[in-house]
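Undergrad: Sharing a structure below in structure tokens format, with a few things to ask.
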Amino acid sequence: MRRAGLGEGAPPGHYGNYGYANSGYSACEEENDRLTESLKSKVIAIKSLSIEIGHEVKTQNKLLSEMDLQFDSTTGFLGRTMDKLKILSRGSQTKLLCYMMLFSLFVFFVIYWVIKLR
């Protein structure tokens, strides 16, 4: 009697559990490798994109800090200018009031003198 070997009963060229299941396994492995490489390239792209976003955020934060300092100095400058304008407006109103009083007195004396001379 013949002893049953590993290759008996299998199609020629295929031995034991390495038959058709092996070719399916190999196809799955190849697809997994392909998907793994695709995923790896996507992860690398996302990583580089996130690094670029980080650099952009740092640049924008620096720009915003500089703008904040400029706005603070402009606010101080405008505040001082408004204070000076308030002082000028107070002073000019006083002078204007004095000029109006003197003009009114002058007009009053002119009218009085015209009436008196008639």
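One line per residue, one yes/no per condition, for (1) modelled with pLDDT under 65; (2) loosely packed, with under 10 Cβ neighbours inside 10 Å; (3) not in a helix (DSSP H, G or I):
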| position | (1), (2), (3) |
| --- | --- |
| Met1 | yes, yes, yes |
| Leu6 | yes, no, yes |
| Pro12 | yes, yes, yes |
| Ala27 | no, no, no |
| Glu30 | no, no, no |
| Leu35 | no, no, no |
| Ile46 | no, no, no |
| Gly54 | no, no, no |
| Val57 | no, no, no |
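Undergrad: Let me ask something else about it. I'm told Thr81 meets every condition in (1) open to solvent by less than 90 Å² (accessible area, probe 1.4 Å); (2) within 19 Å of the chain's Cα centre (by Cα); (3) polar (S, T, N, Q) except one. Can you identify the failing condition by its number?
TA: (2)
The values are calculated or read from the model by the stated rules, or taken from the named source; none is laboratory data. Values in this document were obtained by computation on a predicted structure and should not be read as measured data. Cβ sites come from the backbone with ideal geometry, for glycine too, and all protein chains shown count toward neighbours. Surface areas here come from the heavy atoms of the whole protein model, side chains and all, with no ligands, DNA or RNA. Shrake-Rupley method; radii C 1.70, N 1.55, O 1.52, S 1.80 Å.
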